[in-house]
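Peer 1: Input: one structure, supplied below.
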Amino acid sequence: VQLQASGGGWVQAGGSLTLSCVASGSIFRFKVMGWYRQAPGKQRELVATITYGAGTNYVDSVKGRFTITRDNAKNTVYLQMNSLKPEDTAVYYCNAVPYLNPYWGQGTLVTVSS
């Protein structure tokens, strides 16, 4: 299985983006999927998780602004990001939770300007 994230781009503060993560195979095996991000000079952090049953959890810094969803039939996980802030600037990745090293993809860059 390969995980390919897309949908990043440049946006002004307050704007929105929707990221997609498409798996080349079934994501059924991943009971919990997550979106991670890595800002320049910082460690990668887990920002949102979703269980197979669609239970979600978020890091405090994105609560109320980000929404994670998954479509198991399409082997896709989404991250809707609203009210973006400059501190959201990072490369965003999807992976299982806990992460599995072979499944890190290239990620997708999100740049939020002030």
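The values are calculated or read from the model by the stated rules, or taken from the named source; none is laboratory data. Source: prediction; values computed, not measured. As a convention, Cβ positions derive from the backbone with ideal geometry for all residues, glycine included, and neighbour counts pool all protein chains shown. Heads up: the accessible areas ignore ligands, DNA and RNA and are worked out on the full protein's heavy atoms, side chains in. Shrake-Rupley method; radii C 1.70, N 1.55, O 1.52, S 1.80 Å.
Peer 1: At Ser83 and Gln38, where each label point lies 7 Å from the Cα along Cα→Cβ, what is the point-to-point distance in nanometres?
Peer 2: My value for the distance between the label points is 2.9 nm.
Peer 1: Leaving out ligands and nucleic acids, note down the accessible area per residue over the chain with a 1.4 angstrom probe, in whole Å².
Peer 2: On the way: 5970 Å² over 114 residues.
About 52 Å² of surface per residue is accessible.
Peer 1: Something else: Taking 0.36 nm per intervening residue step and subtracting the Cα-Cα distance, what contour gain separates Asp71 from Tyr52 on full extension?
Peer 2: 5.9 nm
Peer 1: Just by accessible area at a 1.4 angstrom probe, what is the order of Leu17, Leu109, Leu79, Leu46 from largest to smallest?
Peer 2: Output order, biggest surface exposure first: Leu109, Leu46, Leu17, Leu79.
Peer 1: Shifting gears a bit: Roll a 1.4 angstrom probe over the protein heavy atoms and tell me the percent of accessible area of the chain that is carbon or sulfur.
Peer 2: Exposed carbon and sulfur together represent 51 percent of the surface.
Peer 1: Here is a further query. Do me a favour and compute the ellipsoid semi-axes for region 1-53 from its Cα gyration tensor, root of five times each eigenvalue, largest one first, whole Å. Display every interim value, and only then the final one.
Peer 2: Working: eigenvalues 106, 39, 27 Å².
Working from the Cα gyration tensor, I get semi-axes of 23, 14, 12 Å.
Peer 1: For region 23-87, just say rounded, prolate or oblate: build the C-alpha gyration tensor, square-root its eigenvalues into a ≥ b ≥ c, call rounded for a/c under 1.5, and beyond that prolate if a/b exceeds b/c, oblate if not.
Peer 2: Prolate shape, in that a/c is at least 1.5 and a/b is the bigger ratio.
Peer 1: Cα atoms only, the chain: Rg and Dmax in Å?
Peer 2: Spelled out, the Cα radius of gyration and Dmax of the chain are 13.0, 40 Å.
Peer 1: Return a whole-number percent for the relative contact order of region 1-68, with Cα pairs under 8 Å and 6 or more residues apart as the contact set.
Peer 2: Value for region 1-68: 21 percent.
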